[in-house]
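The values are calculated or read from the model by the stated rules, or taken from the named source; none is laboratory data. Quantities reported herein were computed from a predicted structural model and do not represent experimental measurements. Here the Cβ is made from the backbone with ideal geometry for all residues, glycine too, and neighbour counts use every protein chain on show. Surface accessibility is based on the protein's heavy atoms, side chains included, excluding ligands, DNA and RNA. Shrake-Rupley method; radii C 1.70, N 1.55, O 1.52, S 1.80 Å.
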Amino acid sequence: MVNRRRTAIGVTVSAAALAGALALATGLAAAGQHGTDPAGTGGDPVGAGGDPVGAGGGSVELVDTVRLPDGFAPEGIAIDAERHTAYVGSLADGAIFRADLTTGVGELIGDAPGTPSVGLALDAQGRLFVAGGPAGDARVIDADTGDLLARYDLATVPESFVNDVTVTDAGAFFTDSTNPVVYHLPTDATGALPDAAQVRRIPLTGDIVYDEGINANGVTASPSGTNLIIVQSNTGLLFTVDPATGVTGRTGVVDVNGDGLLVGGDGLLVVDQTLFVVQNRANTLVELQINAAGSQGDIVGRITDERFDVPTTVAAAGDLLYLPNARFGVEVTPETTYEVVAVPRP
């Protein structure tokens, strides 16, 4: 059993680092857009404190709030659930923040590239795959050290927005919100990273039609693992994607209390037969029961929380779902506060 406790964290980062991040973060907001050492044991740790919420003999208590560095402008999150460790990426300068979810204490790891970190995914070998947004690239980072293991140029800049990523047994798959393609970084049984020449650019065909605005955004694997599932933000539609061919099929959504559209859909998470979809500007987390292929779903719940402030992505640890608040529409300054908040998993 995992319990939760509320934690407030104070963070200090250098003014110079924040000043360099400010221009990128402001521009993106205006556009509308496993192992680790316990966070805080090296670098410049941040403090934590708070009263426990819930208790249990021998159970693990997780915090329900993680304070991020001021001016951080978060977007993507990935969690190593076994080690209770979260990774959050910055739209401002691409920095990665690692936090211990049992204490809320965290630190920046590695070097910020100066370009955004958007979607994040963690693989079984402790590598963090990072979507580079308008930089048109993908990065692979050692989750322990923060060291850059590989970087791939996926698309032409600025005619692309590499938005989100998911990891399967076949490797990492990235969406592009501007171009109707999925990028595939294949891995073999050994987990070896591909050479640049091995990266696949898979055109999306079938039901999906790209239009103005943010198209394919969040991506995850279906419960069966045979398909990818993507959400098209501007239309609110879900699609399955054949990862070998790029053929898409519209997911049928039954919504007895609405029109079934998930406009503003952002991060996706599959847990067993449940698909969670973050509707960022609606400050809502939608819960669907889906079939194994991801081709049919029923909306069974909508989760809201007074702490939501344009959440973008979602990841699970224990019985909690963690969402970073991107706060799009709020001016990004070196003093702008950001946090990750957790809600109980249904």
Would you confirm whether any residue within segment 265-276 is out of contact with any Ser or Thr (no Cβ under 6 Å at 6 or more places or on another chain) and of a type in the set (G, A, S)? no
Run down E331, E339 and say which single residue is within 24 Å of S177 (Cβ to Cβ) and of a type in the set (D, E). E331
Are any residues in segment 228-239 of a type in the set (S, T, N, Q) and surrounded by fewer than 24 Cβ atoms within 10 Å (Cβ to Cβ), and if so, which ones? N234, T235
Kindly indicate the residue of segment 304-322 that is in contact with a Leu (Cβ under 9 Å, 6 or more places away or on another chain) and among the acidic types (D, E) and also least open to solvent (accessible area, probe 1.4 Å) among those meeting that condition. D305
Residues that are open to solvent by 10 Å² or more (accessible area, probe 1.4 Å) and over 24 Å from V314 (Cα atoms): list the strands (runs of 3 or more DSSP E) wholly contained in segment 91-207 that include at least 2 such residues. 148-153, 200-203
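Which of the residues that make up segment 271-291 are open to solvent by less than 50 Å² (accessible area, probe 1.4 Å) and assigned to a loop (DSSP other than H, G, I, E, B)?
Of everything in segment 271-291, those that are open to solvent by less than 50 Å² (accessible area, probe 1.4 Å) and assigned to a loop (DSSP other than H, G, I, E, B) turn out to be N280, N283.
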Counted residues in segment 244-265 being under 17 Å from G225 (Cα atoms), open to solvent by less than 70 Å² (accessible area, probe 1.4 Å) and out of contact with any Leu (no Cβ under 9 Å at 6 or more places or on another chain) come to 2
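Conditions tested, residue by residue: (1) among the charged types (D, E, K, R); (2) under 18 Å from the mean Cα position of the chain (by Cα); (3) at pLDDT 95 or above.
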residue: Q273; (1), (2), (3): no, no, yes
residue: N283; (1), (2), (3): no, yes, yes
residue: E287; (1), (2), (3): yes, yes, yes
residue: D298; (1), (2), (3): yes, no, yes
residue: E306; (1), (2), (3): yes, no, yes
residue: V314; (1), (2), (3): no, yes, yes
residue: L320; (1), (2), (3): no, yes, yes
residue: A342; (1), (2), (3): no, yes, yes
For segment 87-122, which residues satisfy the criterion of being of a type in the set (S, T, N, Q) and touching a strand residue (DSSP E or B) at 6+ places or on another chain (Cβ under 7 Å)? S90, T102, T103, S117
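Among the candidates R281, R302, which residue alone is of a type in the set (K, R) and either closer than 18 Å to G329 by Cα or in contact with a His (Cβ under 9 Å, 6 or more places away or on another chain) (or both)?
One residue alone meets the criteria, R281.
State whether the residues of segment 323-336 include one that is out of contact with any helix residue (DSSP H, G or I) (no Cβ under 9 Å at 6 or more places or on another chain) and open to solvent by 20 Å² or more (accessible area, probe 1.4 Å).
Initial filter on segment 323-336 (out of contact with any helix residue (DSSP H, G or I) (no Cβ under 9 Å at 6 or more places or on another chain)): 323-325.
This time we only want the ones that are open to solvent by 20 Å² or more (accessible area, probe 1.4 Å), so: none.
No: zero hits.
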